[in-house]
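S.K.: The structure that follows is given in the form of structure tokens.
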Amino acid sequence: MKDEIVIAEALGGQVRIHAMRSAEMVEEARKAHNLWPTSCAALGRTMTVGALMASDLKREDEHVMIRISGSGPVGAIRVEADGAGNVRGFPDNPSVYLSRPDGHLDVGKAVGRDGTLTVSKDMGLKEPFSGTVALVSGEIGDDFAYYYAVSEQTPSVVAVGVLVNTDCSVRTAGGMIIQLLPGASEETVSSVEQTAARMRPMTEYMSTSMTVEELIRELFPDAVILGHRDARWHCSCSKERFAESMAALSEKDLDDMINEDHGAEVVCQYCSRKYLYSEDELRAVREIRKRVADRKRAD
């Protein structure tokens, strides 16, 4: 099924639900980074939550940036998602495969419990909103639920999962964020707690033929669908953008690339795309750098 995000409210408007199917997006990330199963699950879970967070943004150029810095072998995980539904990300170590005795991937061990989760939201204000919390399990869902409770004072249930085939491809992936809105009654709180207690793993829901809307209504029969949003794997990198970044290098560094390396190769961390620059292209970058420096001196 096609990836999609569905936004809904339930229990008299006291609960907000964001849910999505994300298998296509996670599979694209797996292929881009040649991810092993547990690295794939860790990044895929984080990307899914990032996409759900970004679905609340008002404008397409607004961004959510996530960094998970754990003590496990997967290293840091970075994800960016924007209001247009574009999501990209990468782990420091793409080659992690750890499983538990029951055969499930051990994401918690791969990420590690010692570390931090940081979320920054750039919503066009003077300064982006940023919050950092300690990791509680490394399982991703629990860590984001703790982030919402501490940094945004919003009690939330965060369920997320990625199921990987034996050939390392992504079989299914998805997630759901259930949030209590301000003023929610004790009866609503109790109802959400009971719903959370009976929920099955997210990958079980995503392995069925039910739509995201049907999943929401299975858990909340009175749900009112507020909207649908697209989400996709997409990286905004380009040869021109990297050239602009290289213009910030020192003149000596650019000269070394031209005279000693006879060119340069730049690899985007977010999507693994490679960009090659010839000597002439590097000379053009050096000229841009020189003009910028001249303007600064003139000012």
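No value in this document is a laboratory result; all are computed from the given coordinates. Quantities reported herein were computed from a predicted structural model and do not represent experimental measurements. Glycine also receives a Cβ, built like all others from the backbone with ideal geometry; neighbour counts cover every protein chain displayed.
S.K.: For the chain, just give the cysteines left without a disulfide-compatible partner, judged by no other Cys Cβ under 4.7 Å.
M.R.: Cysteines of the chain left without a disulfide-compatible partner: Cys40, Cys168.
S.K.: Then there's this: Can you tell me the length gained on complete extension of the stretch Val267 to Met210, counting 0.36 nm per residue apart and subtracting the Cα distance?
M.R.: Separation in residues times 0.36 nm, less the Cα-Cα distance, equals 16.6 nm.
S.K.: Put a dot 7 Å past each Cα toward the Cβ at Glu240 and Ala197; how far apart are the dots in nm?
M.R.: Going from the Ala197 label point to the Glu240 one covers 5.7 nm.
S.K.: Per residue of the range 221-238, what does 6.51 cos²θ - 1.76 cosθ + 1.60 with θ = phi - 60° give for ³J(HN,Hα)? Whole Hz please, x for Gly and Pro, Karplus curve as stated.
M.R.: 3J(HN,Hα) across the range 221-238, in whole Hz: x, 8, 4, 10, 6, 9, x, 10, 9, 7, 8, 8, 6, 7, 10, 8, 5, 7.
S.K.: If you don't mind, another one. Give me the Kirkwood hydrodynamic radius of the range 4-233, using the inverse of the mean 1/r over all pairs of distinct Cα atoms, in Å to one decimal.
M.R.: 17.5 Å
S.K.: Which ³J(HN,Hα) values, rounded to whole Hz and listed in residue order, are derived for the range 27-44 from phi using the Karplus coefficients 6.51, -1.76 and 1.60 in 6.51 cos²θ - 1.76 cosθ + 1.60 with θ = phi - 60°, glycine and proline given as x?
M.R.: Result, rounded to whole Hz: 5, 4, 5, 4, 5, 5, 10, 6, 6, 7, x, 6, 4, 5, 5, 5, 5, x.
S.K.: Sort 12-19, 249-256, 231-238, 79-86 by the packing proxy (mean of other Cβ within 10 Å over each peptide's residues), most packed first.
M.R.: 79-86, 12-19, 231-238, 249-256
S.K.: Fewest to most neighbouring Cβ within 10 Å: what's the order for Val266, Val49?
M.R.: Val266, Val49
S.K.: So for Glu186, Glu204, fewest C-beta neighbours within 10 Å to most, what's the order?
M.R.: Least to most surrounded, the residues fall as Glu186, Glu204.
S.K.: If you don't mind, there's one more thing I want to ask. Quick check on my link table: of Lys126/Lys239; Lys31/Lys239; Lys58/Lys126, which ones sit more than 23 Å apart, alpha carbon to alpha carbon?
M.R.: In this structure, Lys126/Lys239 exceed 23 Å between Cα atoms.
S.K.: Could you list which residues have their amide H under 5 Å from that of Ser99, counting only those 5 or more apart in sequence or on another chain, with H placed in the peptide plane?
M.R.: Asp106
S.K.: Quick one: length gained pulling Glu127 to Asp92 fully straight, 0.36 nm per residue minus the C-alpha distance?
M.R.: Residue separation times 0.36 nm, minus the Cα-Cα distance, leaves 9.9 nm.
S.K.: Whole percent per 5 Å bin, from 0 to the bin with the longest distance: what is P(r) over all C-alpha pairs of the range 148-243?
M.R.: That works out to 2, 9, 16, 19, 17, 13, 9, 7, 4, 2, 1, 0, in percent per bin.
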